Amino acid sequence: MANTKAKKDVKKPDVVKEVIKPEIKKVATKKVYKLNQDVSLKVVSCYYGRLTYVNEKTGDKYFWSHCGEEQVLRVSDITAMKATQRKFFEDNWIAVVGVEDPSADLEGITEYELNKALNIDRYYTETFNPSNIGSVFELKPSEIEDKLRKMPEGVRENIVIRANEMAATGELYDIRIIKAIENATGLDIKLSFDN
């Protein structure tokens, strides 16, 4: 007798083919600004004291009598300043805060975008200027030391000057914050006990 085995019907599983369409995401592109050399910019002094800039190319003179004062400079002045007197940027003596010229078609441009267009953005990472210098005194002492050590000497000096002003009026009295600033800058803050 022949050995016959019954063939089992093996059912193949149903194969479902699913077509996966790649998801196309729209990438937000940042607008790149090209600034005309004649565009007028708002430039604020971040330096405690009198500050003077003379454009060696044109002879134009700009004066700031105190920290926070605003002057109007052209893009060409900023370009010349960057080429001949880089310390204005390296020590954050000034900050370009906006466009003065309404015809420049730059409405809505941020400070960051403006600094990027001027190619000075590398000087203004994690820094303090007159509009936000007070926020340094709200940080924890360890954060103050970390941040100040990374900042240019001019910014550190400005913070010590501001700390001395605040200590003189009694606004700054937390010894931990004072010590953190002194440790990070190597400069002393004079405490006044007359208040």
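The values are calculated or read from the model by the stated rules, or taken from the named source; none is laboratory data. Because the structure is a prediction, the values reported are computed rather than measured. Positions of Cβ are generated from backbone atoms using ideal geometry, with glycine treated the same way; all protein chains shown enter the neighbour counts.
Give the number of residues within region 94-113 that are within 22 Å of C67 (Cα to Cα), outside any loop (DSSP other than H, G, I, E, B) and touching a residue at least 60 places away in the same chain (Cβ under 8 Å).
Here the count works out to 1.
Give the number of residues within region 147-159 that are crowded, with 20+ Cβ neighbours inside 10 Å and either among the acidic types (D, E) or touching a Leu at 6+ places or on another chain (Cβ under 6 Å) (or both).
So the count comes out to 1.
I'd like the full set of residues that are farther than 20 Å from N164 by Cβ, part of a loop (DSSP other than H, G, I, E, B) and either touching a residue at least 40 places away in the same chain (Cβ under 8 Å) or not charged (D, E, K, R) (or both), limited to region 45-88.
Passing the criteria: N55, T58, G59, Q85.
Checking the structure you have, find out if any residue of region 73-90 is touching a strand residue (DSSP E or B) at 6+ places or on another chain (Cβ under 9 Å), among the polar types (S, T, N, Q) and under 29 Å from A184 (Cα atoms).
yes
Residues being among the basic types (K, R) and more than 17 Å from the chain's Cα centre (by Cα): count how many of those fall in region 141-162.
1
Determine which single condition S103 fails, assuming it passes every other condition in (1) polar (S, T, N, Q); (2) more than 16 Å from the chain's Cα centre (by Cα); (3) over 28 Å from S40 (Cβ atoms).
(3)
Whether any residue in region 62-85 is exposed (fewer than 13 other Cβ atoms within 10 Å of the Cβ) and among the basic types (K, R) is what I want to check.
Looking for residues that are exposed (fewer than 13 other Cβ atoms within 10 Å of the Cβ) and among the basic types (K, R), one finds none in region 62-85, hence no.
What's the number of the only condition in (1) at pLDDT below 90; (2) part of a helix (DSSP H, G or I) that K116 fails to meet?
Unmet condition: (1).
Considering (1) of a type outside the set (A, V, I, L, M, F, W, C); (2) outside any loop (DSSP other than H, G, I, E, B); (3) in contact (Cβ under 8 Å) with a residue 12 or more places away in the chain; (4) out of contact with any Ser or Thr (no Cβ under 6 Å at 6 or more places or on another chain), say which one E165 fails and leave the rest.
Only one criterion is unmet by E165, namely (3).
So how many residues does region 120-135 have that are in contact (Cβ under 8 Å) with a residue 40 or more places away in the chain and in contact with a Phe, Trp or Tyr (Cβ under 9 Å, 6 or more places away or on another chain)?
Total satisfying the criteria: 1.
Please find, among N132, N115, the residue that is polar (S, T, N, Q) and buried (at least 16 other Cβ atoms within 10 Å of the Cβ).
Exactly one of N132, N115 is polar (S, T, N, Q) and buried (at least 16 other Cβ atoms within 10 Å of the Cβ), namely N115.
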